[in-house]
Structures are given as structure tokens and as C-alpha cells.
Amino acid sequence: MQSPDPQKLCIHTITTKGWSLEEALDQYLAHGVKGISVWQNAIEEMGAKKAGELLASYDIEVVSYVRGGFFPSSSKEKREEALAHNRQMIEDAAAIGAPLLVLVCGAEPQQSLEESRAQIEAGIEQLLPFAREHKVKLGIEPLHPMYADTRSAINTLKQGNDIAERLEDEYVGVVVDVYHLWWEENLKAEILRAGQKDNLLAYHICDWKYPPEDMLNDRGLMGDGCIPLAKIRSWVEEAGFTGFHEVEVFSHRYWAMDQEAYLKKIIDAYHTKS
Ligand code: ZN
């Protein structure tokens, strides 16, 4: 198996959460990282406009803005609020120069998953004209089923592909995150399907430690766990995806480390374990 393209490494700011946006930019650039994905918390203080100016002053590509979504609710008013919030997120993504807003679609435990999925699809459909106007694509990121109660009713790439294909719009597609999808039956076929329909918008990498000690913040770095990363990457490449490989690791353990030493570890893991 060939090593991944060194030019395609992107890091999510949440991965090095202890750094401000400016520190992350300085460090990523100093270590040759070519892409950055921005979490909302990283720009909260300065606001999207200023963050956009800061990002534009660096020679680094803004790959995505994270995250919109959370569409379902049994209350119509709350669903309207969610749409308004997503419009704001689309505006902010445009302001920071991100071509993609990643969607964590949401779920409402008081109603069925099917109902939540229908509300997600309706929500995305309503946002599409606004997304097009701002030239920001919407990426449906399926989440591992352990999050199906409150975080996402979209739990397989098949479900994400189904919605993207029904909406059939160049401004909506899917995000493949290995943490959420490594277990899925027919994953290869679904990745190829997404590529064939031009719906494969982003690729997120990390690893699944066994067992995770925390549902949210104990992800592994590539090589720490049991995800067949090289195999999944070969499918993503076979699907025609040429975008960045985004390292997204939520980890109390790694956040506690010296972040520059951690960055070097991330870069090494990207080259040798992904
Ligand atoms: Zn992700």
C-alpha cells in the first residue's frame, strides 16, 4: 500500500484544542501541514470576519467549517431555530473561506429515528438555496450508532448517500469519517457509490481505541486502534476522491500532551499509519 500524499494532510483545530487559531496556524504551517478545518469554538471570540482575515493571511487551505446540523425536534419552533442557526453557520463558513459546512445532523430521542431522518432531509433541502448563494456545500456526516439518541439519526453511509441522492444537488454530499463508519457492512460499495455520484465531499481520519473509555473524547490517533485505515483510504481513492485527509481526534489524553510534540506525532501517524 502506498503512503498517503503528504500534500493532503489537514488537521481539525479541535484536534489541537489547546491552541488558539493563530497558534494552530503558526504551528501547522511550520510543520508543513497544508490544510486546516476550523471548529466553531476556535473562532468564537474573534468572530468569523476576523477569523477569515487571519486565515487568508496564511498560506494554508481552509478545508471545512464544523459544524452545522441538529435539525430534528418535536417542536416546530425549535426546528425553525435550527434552520436559522444553520444559515448563520453557512454565512460564517463563507466568511472564513470554507467551501464546506460539516453537518452533525441531530436526533430527537422523543420521536422515531425515521421521523428524525425525515426532518433532517427536509431541513437540508430548505437550506440548499442559501448554501448555493454562499457557495458553501453541506456535508452529511453519518455518526456511529452509539450517538443515535441525541446526536445523529444518520448512522450509516448508506443513509447519508440515500439522502444526498434524493436531494440531488451539487451543494449536498456526504462526509466519510472512519471513526463512525469503519464497522459498516458494504462500506466499500457505499464509498464507491458516493464517489460515482460526486457526493464524496470529505474524509476524516483517526482511530478506534478498544474499548474507548469515553464516548466522545477518547479517540485514537491513526495506528492506536483497530480501524483498517489503509484499506479504507484505498476505497476513498478508488472512489476518485482527491481532497484532504482531515485528522479529527477528540482526546483528553492527547489534549493533555505538549501540543507541538503531539503535532509531530500526528504527522508521523499520518505518513506511516493511515
Ligand atoms: Zn468527523
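Annotations
- Selection within the range 149-161 - in a loop (DSSP other than H, G, I, E, B) and within 16 Å of the ligand (Cβ to nearest atom): ARG151, ILE154, ASN155, THR156
- In the range 169-197, the qualifying residues are those that are within 16 Å of the ligand (Cβ to nearest atom) and of a type in the set (Gly, Ala, Ser), and the one that is nearest to GLU248 (Cα to Cα) is GLY173.
- Test: residue in the range 6-28 that is more than 26 Å from ALA256 (Cβ to Cβ), β-branched (Val, Ile, Thr), surrounded by fewer than 24 Cβ atoms within 10 Å (Cβ to Cβ) and in contact with a helix residue (DSSP H, G or I) (Cβ under 7 Å, 6 or more places away or on another chain): no
- Test result for ARG79, of a type in the set (Lys, Arg), more than 25 Å from PHE250 (Cα to Cα) and open to solvent by 20 Å² or more (accessible area, probe 1.4 Å): yes
- Residue within the range 122-137 that is of a type in the set (Val, Ile, Thr) and either away from the ligand (no atom under 15 Å from the Cβ) or buried (at least 24 other Cβ atoms within 10 Å of the Cβ) (or both) present: yes
- Counting only helices (runs of 4 or more DSSP H) that sit wholly inside the range 1-67, those with at least 3 residues that are modelled with pLDDT of 95 or more and away from the ligand (no atom under 16 Å from the Cβ) are 21-30, 47-56.
- Residue check: MET89 meets all listed conditions (1) within 16 Å of the ligand (Cβ to nearest atom); (2) among the aliphatic types (A, V, I, L, M); (3) under 16 Å from ALA194 (Cα atoms) but one, namely (3).
- Inspection of the range 161-174 identifies no residue that is touching a residue at least 40 places away in the same chain (Cβ under 8 Å), within 16 Å of VAL102 (Cβ to Cβ) and in contact with a Gly (Cβ under 7 Å, 6 or more places away or on another chain).
- Listed by first and then second residue, the pairs with beta-carbon distance under 9 Å, at least 6 apart or on different chains, first residue in the range 56-78 and more than 21 Å from GLN40 (Cα to Cα), second among the aliphatic types (A, V, I, L, M) and surrounded by fewer than 24 Cβ atoms within 10 Å (Cβ to Cβ), are SER73/ALA82.
The values are calculated or read from the model by the stated rules, or taken from the named source; none is laboratory data. Since this is a predicted model, take the numbers as computed values, not measurements. Cβ sites come from the backbone with ideal geometry, for glycine too, and all protein chains shown count toward neighbours. Only protein heavy atoms, including side chains, enter the accessible area calculation; ligands, DNA and RNA are left aside. Shrake-Rupley method; radii C 1.70, N 1.55, O 1.52, S 1.80 Å.
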